[in-house]
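Have a look at the structure below before the remarks.
The values are calculated or read from the model by the stated rules, or taken from the named source; none is laboratory data. These figures come from a predicted structure and were not determined experimentally. No Cβ is skipped: glycine too gets one built from the backbone with ideal geometry, and neighbour counts run over all protein chains shown. Remember, those area values only see protein heavy atoms, side chains included, never the ligands or the DNA or RNA. Shrake-Rupley method; radii C 1.70, N 1.55, O 1.52, S 1.80 Å.
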Amino acid sequence: MVYMNTKHHYAGLTDAQVIESRKQHGENMLTPPPKEPLWKLFLEKFTDPIIVILLVALALSVGVSFYEFFSGHGTASVFLEPAGILIAILLATIIGFSFEWNANKKFEALHKVNDDTLVKVIRNGNVCQITKKEVVVGDVVILEVGEEVPADGELLEAVSLQINESTLTGEPVCKKTVNPAHFAKDATYPSHHAMKGTSVVEGHGIMRVIKVGDATEYGKVYEGAQIDNSVETPLNQQLNKLANLITKASYVIAACIILGRCISYFVAAGGLYVDNWLHFSGYALQTIMIAVTIIVVTVPEGLPMSVTLSLALSMKRMLLTNNLVRNMHACETMGATTVICTDKTGTLTQNQMKVWNCDFYDSPDIVDEGIAVNSTAYLDYSDTSKIKALGNPTEGALLLWLHERGVHYLPLREHAKMVEQLTFSTERKYMATIVQSPLFNKKVLYVKGAPEMMLDLCTNIPVAKENIHARLLDYQNKAMRTLGFAYQIIEDADQTVYIHEGKLQNARLSFMGMVAISDPVRSDAPEAVKTCLHAGIRVAIVTGDTPGTAKEIGRQIGLWEQNEPEAHHLTGTEFAAMSDESLLDRILNLKILSRARPMDKQRLVQLLQIKNQVVAVTGDGTNDAPALNAAQVGLSMGDGTSVAKEASDITILDNSFNSISRAVMWGRSLYQNIQRFILFQLTINVVACLIVLIGAFLGTESPLTVTQMLWVNLIMDTFAALALASLPPNEKVMQEKPRKTTDHIITKAMAKNILGVGIIFVVLLFGLLQYFKHADITSLTQFNCADFGRSFFDFSQGNGLSAYELSLFFTIFVFLQFWNMFNAKAFMSGKSALASLGACKGFLFTALAIIAGQWFIVTAGGEMFNVTALHLTDWLIIIGCTSVVLWVGEIQRHWKLKS
């Protein structure tokens, strides 16, 4: 049969035309992104800048170990050092990979496109059903309420057609028409077009498909969401700088050793000549090996694993605050964010239309019945904790209003038998229903629509029109949708025809009142936005909604002031027409981008990044996906579309903008914790490096063995990383401005602390080394300050170091760093290191674990660690004396607080 109505008939495509169209334009399917194999994802972890340094150190260490072993200068224990470095590399990469892989598993089911849904099309003159993926360009598609539009098309007919375009533009209701006189000039997509991925909420229509698959607007958004985002995270940039600094420092120190030892050799030889090349070759080789040792010691082996552990721990703890982190580095990047580009619908607002205020002048019973029966919407009560509206969102808001007042709409609708109904249309601007009302036992005509239209249709208005118009203007200035209501009781003897040829006629309506409906702002959004602004983060609303609505939402959340310059707002059309150069001049002052298309959001993010901004994007719709992917951090909402979630780095499970400000606080606190750990670890490396350096020029071997340094750099530092990463977030960080991407992760204050404390530790340890060489110490109770002073500058070989003295030296070295960990905890906090220790159970636990671990190593390590058990008295003396490091730090902090 041929599909017909009163005006047209459509034959649709023939089978031959379908085949030809599919050849020319392709199938109605989205091309899925290529999936990275697991091995490739794992190998990407080895591109971390510090891991690269470790790989170089590993290669050098392996070379030296092979030489020492096969030349007979060492036993198999020489391979412990490269083995330890390899373990450090594998631990850091495996931990990071496993955490991100587990997070990605939670997202695997998020992107499922159902291409097998049936749609009604007209082909060969017949109405038939085909799957969505079989639709081709030229197909005539029938659109009905509740159905998803299968492809982009041009409407041939539209009867009271309203489409939910929130997945593409953020607008829940867009009125569609084929009448050019009623086209919306500022609409994001043409009024006579229906777009793939949107859904019909009211009315029906017929369209001819003009684009399918990847060529549709939905397809372009999907493709944009898959574009690789090569923007480097701020932490990676700063770790790159740190890696370069460590590399240069180690090479400079190694070069100084080679140069210094060569000068020493030729000075001792009495000139620039070599009389014994065999001896010189051995000396040169030893010099090179010392230089390589310096390079290896300079590299903080535990840093990659410690940073990874910090990120992983924060990733896990952020989940408890409704932030599901997919990309580990996103935890910290949130702290560096300078601009948040936020969607309006579903992010700042609740994405559910609600009655904001009502002005009714008639009996509540009449109002309730009128709203219940003169509607095509329904309520879904399956989840009593969150009642959902089905159908037209505006009508759904009215039913929800009844529900909030304890009125169930369904019995009212079922008991009032419908006699006749005139559905809403953009041309009429009203809806009318005649029912057999149990309230009056008579027929009643209920009408709702644009308030201005209702006032024109009413003969009985209980209040002055001027008052109603004033109230109406106030609502409209707040970008709210308004509806007017009227009714007429039809007497039994009344034979008048009130609905004829799609219009009301002869009606004598009484005005019941009106309501203002809006998508309300989330209750926590204004405070959360205020927190972000106070923290120096710019907030910009990017929405497909109208300028008026966007500005009103901006006003409600405290972003758009009363006398805000119009230059701080652009429409999508204006934005698209401007060159990049023009936009770069005003992009940092932009507060609202209305009527934005999906690719406008992505372009905005990229322009902000050109201005060296760290951009976070929030959104819940498919339209947000390209921008979510392009940003340094993409934040999708928990009830957002699967495409949005897949493009994001973090999913806000509770859909709360407040969770975003908490994520910023977490990110900033995490960055501080990473800085504290770097302060702690680099102090250790500076001390170890200088001790080896001094020993190289004095001709003595390092008192710290390879296995002891591995214990310090891998195990102890891992505990320290856990201790510092377990510190609770500090709300004071939200009073600071975002850091610059050009900043070095090591600040001037950190550098002074690392070098100052490191040099003090080196002087103390060197003094102990000299003292132990010239005194036979079997207990620290024998320690003599006078002998300590005299031996400091005695560079003779002395008696050498006993196993007990080496154990004392190793333990003192560790406990100096242990107490310095408490100073690192208090660094940049403005508080005592002992403050809130009760709340830092994780820190205390790991601190005790370090003490227990050191005791176990010294007591049971034996030959492997070149140690012997210490007396209990010496343990107490070491712990007590080295704690001076903490008390000196406490005095300094107290002095700073007072000044």
Check your understanding: With respect to Glu863, is the statement that it is over 30 Å from Thr747 (Cα atoms) and either assigned to a helix (DSSP H, G or I) or of a type in the set (Lys, Arg) (or both) true?
Key -> yes
Check your understanding: Quick check, is Gly621 at pLDDT 90 or above and either on the phi > 0 side of the Ramachandran plot or open to solvent by less than 10 Å² (accessible area, probe 1.4 Å) (or both)?
Key -> no
Review point. Which of the residues belonging to the stretch 216-235 are open to solvent by 50 Å² or more (accessible area, probe 1.4 Å) and either at pLDDT 80 or above or part of a helix (DSSP H, G or I) (or both)?
Key: Lys220, Glu223, Gln226
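For every residue, the table says whether it meets (1) touching a helix residue (DSSP H, G or I) at 6+ places or on another chain (Cβ under 8 Å); (2) part of a strand (DSSP E or B); (3) farther than 21 Å from Asp519 by Cβ.
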| site | (1), (2), (3) |
| --- | --- |
| Val141 | no, yes, yes |
| Pro150 | yes, no, yes |
| Val159 | no, yes, yes |
| Lys185 | no, no, yes |
| Pro190 | no, no, yes |
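Can you name the residue in the stretch 876-885 that is part of a helix (DSSP H, G or I) and surrounded by fewer than 18 Cβ atoms within 10 Å (Cβ to Cβ) and, of all such residues, is farthest from the chain's Cα centre (by Cα)?
Filtering the stretch 876-885 for residues part of a helix (DSSP H, G or I) gives 876-882, 884-885.
Going one step further and asking which of them are surrounded by fewer than 18 Cβ atoms within 10 Å (Cβ to Cβ), we end up with 876, 879-881, 884.
Numbers: Leu876: 47, Ile879: 43, Gly880: 45, Cys881: 46, Val884: 42 Å.
Among them, the one singled out is Leu876.
Looking only at the stretch 609-618, which residues are assigned to a helix (DSSP H, G or I) and over 17 Å from the mean Cα position of the chain (by Cα)?
Kept after step one, since they are assigned to a helix (DSSP H, G or I), are these residues of the stretch 609-618: 609-610.
Within the stretch 609-618, just Ile610 meets the criteria.
Take Ser160 and decide whether it is open to solvent by 20 Å² or more (accessible area, probe 1.4 Å), in contact with a strand residue (DSSP E or B) (Cβ under 7 Å, 6 or more places away or on another chain), polar (S, T, N, Q) and in contact (Cβ under 8 Å) with a residue 40 or more places away in the chain.
On the way: open to solvent by 20 Å² or more (accessible area, probe 1.4 Å): no; in contact with a strand residue (DSSP E or B) (Cβ under 7 Å, 6 or more places away or on another chain): yes; polar (S, T, N, Q): yes; in contact (Cβ under 8 Å) with a residue 40 or more places away in the chain: yes.
So Ser160 does not fit the description; no.
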Review point. Among (1) of a type outside the set (S, T, N, Q); (2) free of Cβ contacts under 8 Å to residues at least 40 places away in the same chain; (3) open to solvent by 40 Å² or more (accessible area, probe 1.4 Å), where does Pro728 come up short?
Key: (2)
Check your understanding: Got a sec? Which of Leu422, Leu445, Leu439 is modelled with pLDDT under 90 and more than 46 Å from the chain's Cα centre (by Cα)?
Key -> Leu422
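Report those helices (runs of 4 or more DSSP H) wholly inside the stretch 370-481 carrying at least 1 residues which are open to solvent by 40 Å² or more (accessible area, probe 1.4 Å) and under 30 Å from Thr546 (Cα atoms).
On the way: elements: 393-404, 409-415, 451-457, 465-477.
Output list reads 393-404, 451-457, 465-477.
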Check your understanding: Within the stretch 584-600, can one find any residue that is in a helix (DSSP H, G or I), over 30 Å from Glu566 (Cβ atoms) and open to solvent by 30 Å² or more (accessible area, probe 1.4 Å)?
Key -> no
**Study point:** Ser523 open to solvent by 40 Å² or more (accessible area, probe 1.4 Å), within 29 Å of Gly667 (Cα to Cα) and free of Cβ contacts under 8 Å to residues at least 12 places away in the same chain
**Key:** yes
Review point. Of all residues in the stretch 813-840, which are open to solvent by 30 Å² or more (accessible area, probe 1.4 Å) and either touching a residue at least 40 places away in the same chain (Cβ under 8 Å) or not in a helix (DSSP H, G or I) (or both)?
Key: Trp819, Phe827, Met828, Gly830, Lys831, Ser832, Leu834, Ala835, Ser836, Ala839
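Under 24 Å from Ser310 (Cβ atoms), assigned to a loop (DSSP other than H, G, I, E, B) and open to solvent by 20 Å² or more (accessible area, probe 1.4 Å) - does that describe any residue in the stretch 764-782? Spell out how you get there, then give the answer.
As a first pass, look at the stretch 764-782 and keep what is under 24 Å from Ser310 (Cβ atoms): none.
No: zero hits.
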Exercise for review: Test each condition in (1) in a strand (DSSP E or B); (2) surrounded by fewer than 24 Cβ atoms within 10 Å (Cβ to Cβ); (3) in contact with a Phe, Trp or Tyr (Cβ under 8 Å, 6 or more places away or on another chain) for Glu202 and report the one that comes out false.
Suggested key: (2)
Practice item. Under 8 Å between Cβ atoms, at least 6 apart or on separate chains: pull out the pairs that start in the stretch 630-658 with a residue that is under 21 Å from Gln606 (Cα atoms) and end on any residue that is aromatic (Phe, Trp, Tyr). Key: Val643/Tyr222; Lys645/Phe107; Glu646/Phe107
Review point. Lys551 is checked against (1) more than 21 Å from the chain's Cα centre (by Cα); (2) open to solvent by less than 10 Å² (accessible area, probe 1.4 Å); (3) under 21 Å from Gln350 (Cβ atoms) and fails just one. What number does that condition carry?
Key: (2)
Check your understanding: When you scan the stretch 783-810, how many residues do you find that are assigned to a helix (DSSP H, G or I), more than 24 Å from Phe856 (Cβ to Cβ) and charged (D, E, K, R)?
Key -> 2
**Study point:** Any pair with Cβ under 7 angstrom, 6 or more apart, that starts in the stretch 861-884 at a residue that is over 16 Å from Thr778 (Cβ atoms) and ends at one that is at pLDDT 90 or above and open to solvent by 20 Å² or more (accessible area, probe 1.4 Å)
**Key:** Thr882/Trp819; Ser883/Trp819
